[in-house]
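The values are calculated or read from the model by the stated rules, or taken from the named source; none is laboratory data. Note that this is a predicted model, so its numbers are computed, not measured. Here Cβ is always computed from backbone atoms with ideal geometry, including for glycine, and neighbour counts include all displayed protein chains.
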Protein chains: 2
Amino acid sequence: MVAVPSSEKSLIRHIRELAKAKAVRPLRAGRQSTVALGIGDDTAILQVPVGHEVLITTDFSLEGVHFRRDWHPADSVGHRCLARGLSDIAAMGGTPVAAFLSLALPAKLPRAWVEGFLHGLLALAGEHGVTLAGGDTAQAPGGAEGKILADIVVVGSAPRGEAVRRSGARAGDAIYVTGRLGASAVVLDRLYRKENKSLNTKQHAEHFYPSPRVAVGRYLREKGISRAMIDLSDGLSTDLHHLCEESRLGAMVYEDRIPVARGATLKQALHGGEDYELLFTASPKRAVPAMIEGAPVTRIGEMQRSSAGVMIASGTGKSSRLQPLGWEHFTSRKR
Amino acid sequence: MVAVPSSEKSLIRHIRELAKAKAVRPLRAGRQSTVALGIGDDTAILQVPVGHEVLITTDFSLEGVHFRRDWHPADSVGHRCLARGLSDIAAMGGTPVAAFLSLALPAKLPRAWVEGFLHGLLALAGEHGVTLAGGDTAQAPGGAEGKILADIVVVGSAPRGEAVRRSGARAGDAIYVTGRLGASAVVLDRLYRKENKSLNTKQHAEHFYPSPRVAVGRYLREKGISRAMIDLSDGLSTDLHHLCEESRLGAMVYEDRIPVARGATLKQALHGGEDYELLFTASPKRAVPAMIEGAPVTRIGEMQRSSAGVMIASGTGKSSRLQPLGWEHFTSRKR
């Protein structure tokens, strides 16, 4: 057990005060779920209306694993930290309500970094009406050499029995994705090529400030369009595999229908992680709008009663297995 | 971003399978809250009955900060990790329902360590009817030199408006604690004196396998006895300060009434952390049993309308301020 130097103690206290001052919003009339008690007790208290169930997801954001301090500005790290959890709630068609942040900091971390981090996190929280309702703070192991360690919990709600699971797809369902894929991977490749100094982070929001598709997910659930859904955090190839596994089906996707982001390759669109778009299935008879809540929606294939897993057909009609080569090494594994 | 070596990937997969196989219990009839969907989707789904609210707490367990691998057996680390969260639910008078584990592991960690950790965590979860419903896994930063990083979320429920807060104390309330205090600090002192090899961990459950007072907390809430409550994780002096702050009151405690554990000093009982007992206040007119759910209950003082904070009276009647010297450096700060 290491002793926390007093500068560190005061930093931790500072975070708590900052979070408390900025984040505990008044209860809002008309919101479906509310935080009755936030930071400052043994637990937070959440109220979920009658007929709703509670959605919970947790995601690590670890320095050197999920972000690098020389690549990602502090507010981008905070934004991305929360975005991971919001995207999981979106993939259930849920409404996010509250977040809990566990944050361990190395000794001698500049205060400005922590403020930037919280600023990024709380700005995105504000956009989605999410309250930072608690968490934990600690010194990171390793003293001054320690790494920044964050774990975010996002809690949401959905009407009972209506949350969209990965397991609900049926054979013959059409497969759709939102947005365009591979843009985050393009930026990551540039970072690996040491172009971090020349990258304008604000102009590459797709990587530094991604927008989780919460409104799209909710629309799809409310309209009863999506039978199964998952968010594209690990990459299309890997996440479609997860959906197929849980639905106990195979899938066929068509190379020439994949919505590849400008500047990205097909490979980046198929395997690049952290796009935070949604992948869902719908009955082939169901009309699905080409644009939902500002996001283009593209039909890329169909679910099949097959044990062959995920197949991909080229423009010439030749099909082969689509291996799950999503960036597990980069995003680590999500739940 | 570091690449996860394949041995690590397989370890992470192993954890997930182990947790999934062991932890996802069938829904139980008669339970107040249930996990409708556990590991394997974007989020878990929890159902809370009508008229109940949701309690949520998160706690880090970081190697070198909250535990040491040469001091604590793997199953003790898993047990203590969950115990921290259960104790917070106990302090609200709640019923724990589900846990979420975020676990980052260094490269080359023996598989037996992970199995021991999960065994300890799941054994305690089983005792309390808690389902491990999700989480996240990642490689810890630092490769083979990395540290084990765990963050536990515990979710519980309580009837709406009945969860016992820190802020409910009134001037004149009697102050009680459960159990005997300082036993965990005694063991910790021995560990610091390098007696770890001669300590029988099973015989020192108070430190290695603490029992959170969930049944006591629930009893106090159901009977309407406790007006304010907190768990003693940071030490009596610090935690009583937290309760006073939230209740905007002072307190007087009596040295000769503190239930000091066998072998412990008064100082260890006052400032030693990680006892995981409960501290609560009750109306002075209210009869409080001397034993609740197997735990002795001791009246140690009273709440006062005073801005002097927490005072302590010696056997001779002389009183002085009780400084909050709880082991923040050891347990880090809890929410």
*Is region B:30-38 home to any residue that is basic (Lys, Arg), in a loop (DSSP other than H, G, I, E, B) and more than 8 Å from chain A (Cβ to nearest Cβ)?*
yes
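Could you say which residue among A:97, A:114 is under 30 Å from residue B:37 (Cα atoms), touching a residue at least 60 places away in the same chain (Cβ under 8 Å) and either in contact with a helix residue (DSSP H, G or I) (Cβ under 7 Å, 6 or more places away or on another chain) or outside the structural domain of residue A:226 (by TED's automatic domain parsing) (or both)?
From the options A:97, A:114, the qualifying one is A:97.
Can you tell me which of A:321, A:227 is more than 30 Å from residue A:151 (Cβ to Cβ), crowded, with 17+ Cβ neighbours inside 10 Å, basic (Lys, Arg) and not assigned by TED's automatic domain parsing to the domain that holds residue A:80?
On inspection, the qualifying residue turns out to be A:227.
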*asked:* Among the residues in region B:161-170, are any more than 14 Å from chain A (Cβ to nearest Cβ), under 23 Å from residue B:92 (Cβ atoms) and buried (at least 17 other Cβ atoms within 10 Å of the Cβ)?
replied: no
*asked:* Among the residues that make up region B:207-218, is at least one of them more than 14 Å from the chain's Cα centre (by Cα), on the phi < 0 side of the Ramachandran plot and not charged (D, E, K, R)?
replied: no
*asked:* Restricting to region A:91-143, name every residue that is of a type in the set (Phe, Trp, Tyr) and buried (at least 24 other Cβ atoms within 10 Å of the Cβ).
replied: A:100, A:117
*Mind checking which helices (runs of 4 or more DSSP H) fall wholly inside region A:181-270 and carry at least 2 residues that are polar (S, T, N, Q)?*
A:236-247
